[in-house]
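The values are calculated or read from the model by the stated rules, or taken from the named source; none is laboratory data. What you see is a predicted model; the values in this text were computed from it and never measured. Quick reminder, even Gly has a Cβ in these numbers, built from the backbone with ideal geometry, and neighbours come from all protein chains shown. Ligands, DNA and RNA are stripped out before the accessible areas are found, and what is left, the full protein with its side chains, is counted by its heavy atoms. Shrake-Rupley method; radii C 1.70, N 1.55, O 1.52, S 1.80 Å.
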Amino acid sequence: MTDKLFIAEKPSLAKAIATALGTINNTKPVKENGCFTVGEDKVVWLFGHMYGLVDAEVYNPAVKPWNVAVLPIIPEPDEWKLKITGKDSKDISQKKKHVENIVKLARGAKTLVNAGDAGREGQLLVDELLIENGFDAFGSNTYRFWTSSMAASDLVKACQKIFPNAEKKSLYEAAVARQRADWMHGINLTINYTVLARQAGADIMASVGRVQSPVVRLVADRDDQIKNFKPVDHYLPTGEFEHENGKFTANWVIPDGYEGLDSEGRLVDKSVAEKVLERIKGKSGEITGFKSEDKKKAPPLPFSLSELQKECSAKLGLTAKKTLDVAQKLYETHRVASYPRSDSRYLNVAILTEQAPTIIENLTGVTGKIGTAASNANLRLKSAAWNDSKTTDHHGIIPTNEATQSRLEKLDKEERAVFDIIAKQFIAQFYPDQRWKALSANVSVGDDKFKASGRQDVDAGWKVVFSGEAVDDDEKEASLPTMARGDAVKVLTATLSAKRTSPPSYFTDGTLIDAMVHIDRFEQNPELKKRLKGAGLGTEATRSNIIEMLINRRKFLERKGKHIRSTALGKSVVDLLPATITSPGMTAIWEGFLEQVEKGQLALSDFLAEQAKLVRKRIEDSKGIEVLIKGVKKVTPIAGDGESCPKCAGGKLKTVEVRKGEYKGRKFLACDQSTCDHKEGE
């Protein structure tokens, strides 16, 4: 009989756990029959979520033709059902066989160990498999393996320190609360608003989701801001000054409340600016202040997935989905980069001693800039990235100790470009801080004040790893001559800089991902803004898929070059929905409640009861609203359209066009009441 059966979230973690158990037991793991055997223990694996909630018609078949009369569909607490899910029937069949093997092994084990990732979803996916197959996930013989590090010593410690899974029951309940609430809102409101749109003549899917709806609103609002933007011309007098130690330029300091300013404090009256130039031409002035401050900047932290997607969008023009796909290949196929779906930018300390020396040594043997940068790395330096308390379910994305020259030669151009971005960020952790002196000077010419700023580089530090790449705007500042208070200066020239305000930029894949991560920036309510900080919309694993779904399936968004824009259809759908659905504030409120569930302060049943009441209210409030959908082809009515339904007398006949199949394009009349099945000319 098996002593302990570890159920890992994915194959790579299963292998790592098996290796750790082998170290503990001094036994070589053997892989056969869908598991690793290590002495008296076994390790099996899942492929992420094996289960998903069943469709609405399982609870009420009458909803199948999208019958709003039976909404909302709210299962009772003990009625919720799961099913094995997959991308197609073949995938589902393979998963069923895999689950059957796990269940068989579990029945022959003394102790079960949940080895899902260290987080809410990782807790759920193993627990739901156990519960669905009749096991007591929180019984005395079920334990929890918990680590966010793949370092060998941390894996060994986690295997030795498994604890009762019952200690994480409230974490499981928080995950269930999120899963079921998303289903209740998504299913019921999508059906409800889709039927409303179709009754208005738009044959569309008005998909609703806690994440997707605010994302569409985010893009639509940005598009409107750009469309309605009115540029403002403003001016800034600039003087070129001569000091005995050299020349420099300084900008006029606009006094508060000065004539010719707009409400934003910009000088919009050109004649006022020209008067300043006339006053200072050929005049002398003096230095009223000079400051030199020592500044330093630590290396940038390793990448989370969202930060990597943002970087690859900016530097390589890759979509968020493409970046994830490439990073996944670097992890799974080539094994040269760590797990990509990470929301952490920090690294476990054990990696510093156990893996970093080998990684850097291997990268030193890589031809080109990576090899040069690695060869100059100082392993005695320890950046802020090494922090166990700040790693989450996973650590930041870094090269693995298998990233050798021979393996990297097998990468295609795109894969190598993404790998190099990951590698440089890791190598930078072993370089000193970038250091410079920030210089500033205050100048007076009569009553007019000017200010100059500059920098003097001291040590490039980690910046040499990225030599040849674009520099930050502040690094483009010229140096200033050394000056002292009271020094005399002379105005050589006086010029007027004409500027024009610019609209915000359209979203790109990278900036939209960044906006989803930092969604608190777009919330106006101070309390909700506070709750949203750190929560974000979606997860590292789902954000790129949500964007692709909104573009390719829903047609709510579209790509125009590198930009992501809202479509007329997308704008219409978010305008159709109440602000409480399209605002990110709902996520903030949910996260607050889910945190209470996780801490055991709020019962799962109470949370879901409140969500059910909210769904019912939204459906009730939608009755009788005016619906206008743009961006879709309307069906040309046929004779009889708009007449009373002869069967129910309460509805009106509407023209319907067959969308696909043998009779594609054929039109017929159907009653617009979802409770009536009358059709004519079908």
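The listed residues SER12, SER89, SER344, once ranked by accessible area (1.4 Å probe) with the largest placed first, stand as SER89, SER12, SER344. As an equivalent ellipsoid, region 447-530 spans semi-axes of 37, 23, 16 angstrom, where each value is the square root of five times an eigenvalue of the C-alpha gyration tensor, largest first. Hey, could you grab the Kirkwood Rh for region 216-344? Inverse mean 1/r over distinct alpha carbon pairs, Å, one decimal. It is 20.8 Å. Taking packing as the residue-averaged number of other Cβ atoms within 10 angstrom, the listed peptides 135-142, 432-439, 493-500 run from highest to lowest as 432-439, 135-142, 493-500. Sparsely packed loop sites in region 212-244 (the GluC sites (Glu not before Pro) outside DSSP H, G, I, E and B with at most 15 other Cβ atoms within 10 Å) comprise GLU244.
One equal scatterer on each Cα of region 73-217, no solvent, Debye formula: the resulting log10 I(q)/I(0) at q = 0.19 Å⁻¹ is -1.23. Over the chain, the ratio between the Cα radius of gyration and 2.2 N^0.38 Å evaluates to 1.18.
Among the protein heavy atoms, those of HIS518 account for about 50 Å² of accessible surface (1.4 Å probe, every chain in place). Remark: region 361-371, residue by residue, has Karplus-estimated 3J(HN,Hα) of 4, 5, 5, 4, x, 8, 5, x, 5, 4, x Hz, where x stands for each Gly or Pro and the curve is 6.51 cos²θ - 1.76 cosθ + 1.60 at θ = phi - 60°. Over region 40-137, the alpha carbon radius of gyration divided by the compact-protein estimate 2.2 N^0.38 Å works out to 1.28. Taking each of LYS270/LYS499; LYS10/LYS110; LYS87/LYS310 in turn, the alpha-carbon distance tops 20 angstrom for LYS10/LYS110; LYS87/LYS310.
The calculated pair-distance distribution of region 140-221 uses every alpha carbon pair, bins of 5 angstrom beginning at 0, and gives 3, 12, 12, 13, 12, 9, 8, 9, 9, 7, 4, 2, 1 percent. Couplings 3J(HN,Hα) for region 41-57, derived from phi with the Karplus relation 6.51 cos²θ - 1.76 cosθ + 1.60 (θ = phi - 60°), are 9, 9, 10, 10, 9, 9, 10, x, 5, 8, 10, x, 6, 6, 6, 4, 5 Hz, where x marks Gly and Pro.
Rg over Rh for region 414-573 works out to 1.09, both radii taken from alpha-carbon positions and Rh defined as the Kirkwood radius. Restricting the trypsin sites (Lys or Arg not before Pro) of region 353-426 to loop positions (DSSP other than H, G, I, E, B) with no more than 15 neighbouring Cβ atoms within 10 Å leaves ARG380, LYS382, LYS410. Highest mean packing comes first when the peptides 174-186, 524-536 are listed by Cβ atoms within 10 Å, giving 174-186, 524-536. For the chain, the solvent-accessible area of protein heavy atoms averages 49 Å² per residue (probe radius 1.4 Å; ligands and nucleic acids excluded).
A convex hull fitted around the alpha carbon atoms of region 193-287 yields 209 Å³ per residue.
Distance from the alpha carbon centroid of region 563-606 to that of region 325-355 works out to 31 angstrom.
When only the Cβ of Lys, Arg, Asp and Glu is charged (+1, +1, -1, -1), the dipole of the chain relative to its Cα centre reaches about 1160 debye. Counted over region 1-78 with a bin width of 10 Å, the fraction of Cα pairs per bin, in whole percents, is 18, 31, 13, 15, 17, 7, 0. Computed with the Debye formula from one identical point scatterer per Cα of region 553-669, without solvent, the log10 of I(q)/I(0) at q = 0.14, 0.18 Å⁻¹ comes to -0.93, -1.11. Under the criterion of Cα pairs below 8 Å and six or more residues apart, the relative contact order for the chain equals 16 percent. For TRP45, the amide hydrogen comes within under 5 Å of the amide hydrogens of ALA8, counting only partners 5 or more places away or on other chains and with H modelled in the peptide plane. When the inverse distances between all different Cα atoms of region 515-570 are averaged and flipped, the Kirkwood radius reads 12.6 angstrom.
Checking the cross-link filter: which aspartates and glutamates have an alpha carbon closer than 16 Å to that of LYS437, excluding same-chain neighbours under 8 positions apart? Within the straight-line limit of under 16 Å, LYS437 reaches these aspartates and glutamates: GLU293, ASP294, ASP457, ASP459, ASP472, ASP473, ASP474, GLU475, GLU477. Could you tell me what percent of the accessible area of the chain is made up of carbon and sulfur, with a 1.4 Å probe and every protein chain present? Using a 1.4 Å probe with all protein chains present, the chain comes out at 48 percent carbon and sulfur. When you count the other C-beta atoms within 10 angstrom of each residue and take the mean per peptide, 126-134, 159-167 line up highest first as 126-134, 159-167. Size of region 98-183 from its Cα atoms: along the principal axes, largest to smallest, the extents are 40, 28, 25 Å. Modelled this way, with points 7 Å down the Cα-to-C-beta line, the labels at LYS451 and LYS87 are 5.5 nm from one another.
Amide H to amide H, with H built 1.01 Å from N, ILE398 comes under 5 Å of SER338, counting only residues 5 or more places away or on other chains. For LYS679, the lysines whose Cα falls under 27 Å of its own Cα, not counting residues fewer than eight places away in the same chain, are LYS64, LYS623, LYS630, LYS633, LYS634, LYS647, LYS652, LYS654, LYS660, LYS664, LYS667.
Using only protein heavy atoms and a 1.4 Å probe, report how much of LEU53 is accessible, in Å² to the nearest 10. Roll a 1.4 Å probe over it and LEU53 shows about 30 Å². Bridgeable lysines around LYS315 (alpha carbons under 19 Å apart, same-chain partners fewer than 8 residues away excluded): LYS369, LYS413, LYS424, LYS463, LYS560, LYS562. Once backbone amide H atoms are built at 1.01 Å from N, GLY651 has CYS645 as its partners under 5 Å, excluding neighbours fewer than 5 places away on the same chain. Taking all protein chains together and a 1.4 Å probe, the residues ARG565, ARG455 rank ARG565, ARG455 from largest to smallest accessible area. With the simple spin-label model, which puts each label point 7 Å out from Cα in the Cβ direction, the ARG485 to GLU264 separation comes to 3.5 nm. Taking max minus min of the alpha-carbon positions on each principal axis, region 335-445 gives extents of 64, 35, 27 Å, largest first. Among the listed pairs LYS31/LYS157; LYS390/LYS617; LYS42/LYS382, those whose Cα-Cα separation exceeds 31 Å are LYS390/LYS617; LYS42/LYS382.
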